[in-house]
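Accompanying notes for the structure given below.
The values are calculated or read from the model by the stated rules, or taken from the named source; none is laboratory data. None of these values were measured; they are calculated from a predicted model. Backbone-built Cβ (ideal geometry, glycine too); neighbour counts: all protein chains shown. To get the accessible areas, we keep the full protein, side chains included, count just its heavy atoms, and leave off ligands, DNA and RNA. Shrake-Rupley method; radii C 1.70, N 1.55, O 1.52, S 1.80 Å.
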Amino acid sequence: MRGFELLVAAIAAVPAMPVNLAHAQTSIGDATAMGLTGACDKLILGKLKLADSCSGKLLNMSYADGRIGFYFIRDDGRIVTFSGMDAPNRTPDSDVVKVDNVIIGVKGKPNDPEVVAATGTCTYGNPYKGEATVSCDGTMSHGQRFSARFTSDGKPPT
C-alpha cells in the first residue's frame with residue numbers, strides 16, 4: 001500500500017502546493033498530481049448522496065500507463081475515487097476517462113478502501129482556461145449507479 005500512502009500525503013499537501021501556471025502539477029513516483037478547488041455539485045453512490053460531505057477539493061492523478069483517477073475528497077478525509085483509462089479527447093480542451101473502478105474510502109481503514117468494479121465515464125474540461133467541470137456517471141458491478149460532478153472555481157490548478 002505504499003502508493004496509497006503517497007496519495008494520502010499528496011492530498012494532504014494540496015492546499016499548500018504553490019501555484020505555478022507553467023507547471024501546476026506535482027510528480028509522485030510515476031504519477032502526476034493536480035489539485036482543483038471549487039464545489040462538489042454531486043456525489044452519489046447508489047442510494048448514498050454524499051455531496052454535502054465534500055470538501056471542495058478535487059485531486060486528479062495521471063499515471064504513466066494511461067490510468068487516470070479523480071479523487072473527490074470528503075470533509076472527514078475519506079476519498080471517493082473514479083479510476084479508469086484515458087480515452088481519446090473529444091476536443092482539444094476536453095477529455096474522457098473510461099471508468100473501470102470506484103474506490104471508496106472506509107472510515108477507520110485509510111489503507112484498505114473498498115474497490116468496486118464499474119463501467120462508465122468521466123469527462124472534464126481544461127482547468128487552465130477558467131472554470132472547468134469534472135462529471136462522472138456509470139454503474140458499479142452490483143448494479144448501483146454512480147454520479148459525480150465537481151465544478152472548479154476558475155483558479156488555476158495547484
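Just a few scattered comments:
- 5 angstrom amide H check on LEU50, placed H, neighbours 5+ away: LEU43, ILE44, LEU45
- For the range 73-80, the Karplus equation 6.51 cos²θ - 1.76 cosθ + 1.60, evaluated at θ = phi - 60°, returns couplings of 8, 8, 4, 8, x, 6, 10, 10 Hz by residue, with Gly and Pro reported as x.
- ³J(HN,Hα), Karplus 6.51/-1.76/1.60, whole Hz, each residue of the range 92-97, x for Gly, Pro: x, 10, 8, 8, 9, 10
- Estimated FRET transfer efficiency when R0 is 22 angstrom, pair VAL115-SER27 (beta carbons, to 0.05): 0.35
- Whole-number accessible area per residue in Å² for the range 110-158, which is evaluated in the context of all protein chains at 1.4 Å: 49
- Cβ-based charge dipole, the range 43-158, positive-most Cα from GLY46, GLY77, PHE150: GLY46
- The range 118-130 - phi-based ³J(HN,Hα) in whole Hz, Karplus 6.51/-1.76/1.60, Gly and Pro as x: 8, 10, x, 9, 10, 10, 8, x, 7, x, 7, 10, x
- Inter-site label distance for ASP75 and LEU48 at 7 Å from Cα along Cβ, in nm: 1.6
- Amide H within-cut-off set for ALA132, under 5 Å, with H built and near neighbours excluded: SER152, GLY154
- Taking amide hydrogens as placed 1.01 Å from N in the peptide plane, the amide H of VAL99 sits under 5 Å from those of GLY120, THR121, CYS122, each at least 5 positions away in sequence or on another chain.
- Restriction of the trypsin sites (Lys or Arg not before Pro) in the range 82-158 to DSSP coil positions whose beta-carbon has at most 16 other beta-carbons within 10 angstrom yields LYS107.
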